[in-house]
Amino acid sequence: MLFNSLVFLFVFLPLCLFAYYLVPKVLRNAVLLLFSLVFFAWGGVAYTLLLLVSIAINYFTALGIESVRMALRRKVLVFGIVLNLGLLVWFKYAGFLGENINTILQASGNDPWQLATVALPVGISFYTFHGLSYITDVYRRSTPIQRNPVDMALYISLFPQLIAGPIIRYNQIAEQLGKRSFDYTKVVAGLERFIIGLAKKVLIANNLALAADTLWGVQFGDMSQSTAWLAVICYTLQIYTDFSAYSDMAIGLAALFGFTFPENFNFPYTARNMKDFWARWHVSLSTWFRDYVYIPLGGNRGGIWKTYRNLFAVFLLTGFWHGASWNFVFWGLFHGVFLTIERIWPIRGERPWSRMLAHLYTALVFTMSWVPFRADNLDDTWSMYRRLFDFSAFTAHKYNDYIQASLLNRELLLVLLMAILGAAGVWRWLGKRMDALAGLPAWLWDGVCLGFLIVIFWLCCMQIVAGSYSPFIYFRF
């Protein structure tokens with residue numbers, strides 16, 4: 001089920017809220033768990049069984065860690081990690097591994113294996129990381145064990161964050177699982193955040209997706225340099241608005257049920273270097289790899305070469321986490337290379353002119369990094385890079401003239417402008433200052449804001465009814 005679907009907006013969410021606040025507080029977690037499982041089962045009952053298996057693995061692993069003597073705690077943890085990663089590897093990476101083995105077999109003159117098709121369960125990367133962080137923190141004694149199976153299942157399967165994050169640590173919501181109360185202000189803020197996220201997805205990201213998919217569908221031999229740059233810029237803005245929209249909606253939905261989720265994006269496209277970019281982009285993932293991979297490997301302790309090794313290991317795994325493809329491996333190493341360069345030659349941007357150059361450098365690097373993220377394979381990645389920097393191909397082919405003329409209309413230009421201003425934080429800056437600028441009484445200004453949100457929500461619904469369907473990008477991870 002999608003947040004940007006009529007079924008979710010007008011059936012699932014109202015029923016869930018009604019049932020949640022109707023029952024006694026002691027039953028609310030059970031009700032929310034039931035609706036979360038229904039939400040997930042909408043995409044396939046078999047996937048829900050896999051989710052329940054994952055929950056059981058982590059629930060009993062934590063109990064085992066807590067109950068055995070000290071000498072066996074580490075073995076129980078390792079067993080739980082192996083089970084979690086075993087499921088992830090089988091369902092997400094078995095096909096990739098098999099294809100590469102077949103390539104080696106064929107190159108050596110041997111018959112390839114007959115590979116079974118394994119469907120990728122939606123959200124498996126996210127709920128696997130939820131479980132891994134939980135059992136690891138229980139082992140470290142940095143989080144309390146959850147003995148209530150309903151609360152444990154709800155932590156992993158809570159529907160706002162189940163499919164595409166943010167990746168929530170158990171200790172971030174442990175107290176909230178046990179005790180939450182209705183907060184009118186929090187609910188109103190949650191609704192506002194959800195509607196803003198819905199608008200970013202339906203009105204901006206979906207329109208950028210249409211343009212990006214059309215442009216990336218042009219044969220590279222027919223693609224001019226200007227078309228290539230337009231394609232990459234559209235996708236760069238699409239992936240940010242799409243994924244940050246999901247995080248906005250998840251945080252807003254969580255607030256409706258009394259939960260407070262951490263922020264997952266902090267305007268990453270305004271970063272001054274790639275280290276700053278990763279402190280702002282998909283924060284829950286970058287901090288997860290920092291705490292459970294980078295620091296256990298030694299972090300920046302043990303000398304500069306070990307630091308570089310640990311950095312590359314983290315980003316190799318980060319890339320592979322995103323997808324079973326050499327493209328994602330290259331994407332991860334791409335970021336590892338630039339973060340290493342910045343450790344050797346730090347980029348600070350302290351003066352106005354150097355700050356501008358730092359922003360331009362960072363924008364170019366993260367824009368180029370999205371090429372392998374969007375391309376189907378490494379060959380397409382190289383082809384797109386060649387087009388981007390082939391100045392002899394600047395003149396548009398007639399086909400490109402048609403494509404650009406049909407796409408670069410007022411609607412797309414407006415969407416691009418809205419996306420750029422949003423990514424730069426202009427809308428947030430204006431929002432914080434509108435109260436003072438308006439000069440209206442508080443009750444009247446609240447009414448204006450409410451009216452604006454109603455109009456935005458109505459526009460989103462009209463777009464959805466018109467068939468503007470585009471799944472969230474991070475659903476495939």
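All of the numbers you see were taken from the coordinates with simple rules; none came from a lab. For clarity, every value in this text was computed on a predicted model and none was experimentally measured. Neighbour counts run over all protein chains shown; Cβ positions are idealised from the backbone, glycine included.
Listed values, structure above:
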{"quantity": "DSSP-loop chymotrypsin sites (Phe, Trp or Tyr not before Pro) across segment 122-218, with at most 14 other Cβ within 10 angstrom", "calculated": "F182"}
{"quantity": "Within the chain, longest stretch clear of exposed trypsin sites (Lys or Arg not before Pro) (DSSP loop, no more than 15 other Cβ within 10 Å)", "calculated": "349-477"}
{"quantity": "Stokes-Einstein D in µm²/s, Kirkwood radius over Cα pairs - segment 49-128 at 25 °C with 0.890 mPa s viscosity", "calculated": "166"}
{"quantity": "FRET efficiency, 1/(1 + (r/R0)^6) with R0 35 Å, evaluated for V448 and A119 via beta carbons", "calculated": "0.15"}
{"quantity": "Per-bin percent of Cα-Cα distances, segment 6-180 [10 Å]", "calculated": "9, 32, 30, 18, 8, 3, 0"}
{"quantity": "Rotationally averaged projected area of the chain (alpha carbon convex hull; nm²)", "calculated": "27.6"}
{"quantity": "Candidate aspartates and glutamates - alpha carbon under 18 Å from K201, same-chain residues fewer than 8 apart omitted", "calculated": "E192, D213, D242, D248, E263, E411"}
{"quantity": "Rg and Dmax of segment 224-315, Cα atoms only, in Å", "calculated": "17.0, 51"}
{"quantity": "Label-to-label distance, nm, for residues given as A363 and L413 (7 Å Cα→Cβ offset)", "calculated": "1.9"}
{"quantity": "GluC sites (Glu not before Pro), loop per DSSP, at most 14 other Cβ atoms within 10 Å - longest free stretch of the chain", "calculated": "1-262"}
{"quantity": "Theoretical ellipticity at 222 nm over the chain - DSSP helices of four or more residues, -39500 (n - 2.57) apiece, nearest 500", "calculated": "-22500 deg cm²/dmol"}
